[in-house]
Amino acid sequence: MHRRVDRGFQAKPSAGAPRPQVLVVEDDAVRRDLMMQAAVQAGFEARGAETGEQALLILRKWQRRIDWLLTRTALPGLVDGWILADEFHQTHPDRPVLLSGWLGSRQPPAGTIMLERPASPFQIAETLRQIAAADPAGRIGVLAA
């Protein structure tokens, strides 16, 4: 069944127990939709944001209800993936952030999971499944990159 996922809206998996929620930040609507669908197929609920500013508002509003963050390092506007990772770590200091993109001279925070850009939906789903398998309740410390 194909499910259309619009920016800023939430994609939910099939009925059942509450699922961990991942915030997907990607400015390309098609890639964001694919990434969100991959997250849903991996057993997560997915919430999407088109810009870093939109994602920052979601992180501040939803706080602990966002279990994982998947974002590009470079985003249009003033808020990039690094700022989002710092904001996410205010609420979840021991959880890794899934970053996609160029590092430049920056060092990712300990335990950050770096995904090649462009990350395939399969790679995203597999990485999210590994996170869930490490601890289904979402209480893991650090994963190797």
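The values are calculated or read from the model by the stated rules, or taken from the named source; none is laboratory data. Since the model is a prediction, treat every value here as computed from it, not as a measurement. When we count neighbours, we look across all protein chains shown, and the Cβ atoms used for this are built from the backbone with ideal geometry, even at glycine.
Identify, please: which residue in the range 13-43 is of a type in the set (Lys, Arg) and closer than 25 Å to residue 75 by Cα and is, among those, modelled with the lowest pLDDT?
31
Taken over the range 89-113, the criterion of being among the hydroxyl-bearing types (Ser, Thr, Tyr), in contact with a strand residue (DSSP E or B) (Cβ under 9 Å, 6 or more places away or on another chain) and at pLDDT below 85 is satisfied by 112 alone. What residue, among those in the range 1-12 that are touching a strand residue (DSSP E or B) at 6+ places or on another chain (Cβ under 8 Å) and either closer than 19 Å to residue 95 by Cα or of a type in the set (Lys, Arg) (or both), is modelled with the lowest pLDDT? Top of the filtered list is 3. Within the range 66-105, being of a type outside the set (A, V, I, L, M), in contact with a Ser or Thr (Cβ under 9 Å, 6 or more places away or on another chain), part of a loop (DSSP other than H, G, I, E, B) and buried (at least 17 other Cβ atoms within 10 Å of the Cβ) holds for 73, 80, 96, 101. Taken over the range 15-43, the residue count meeting the criterion of being over 18 Å from residue 85 (Cβ atoms), touching a Leu at 6+ places or on another chain (Cβ under 8 Å) and not in a helix (DSSP H, G or I) is 2.
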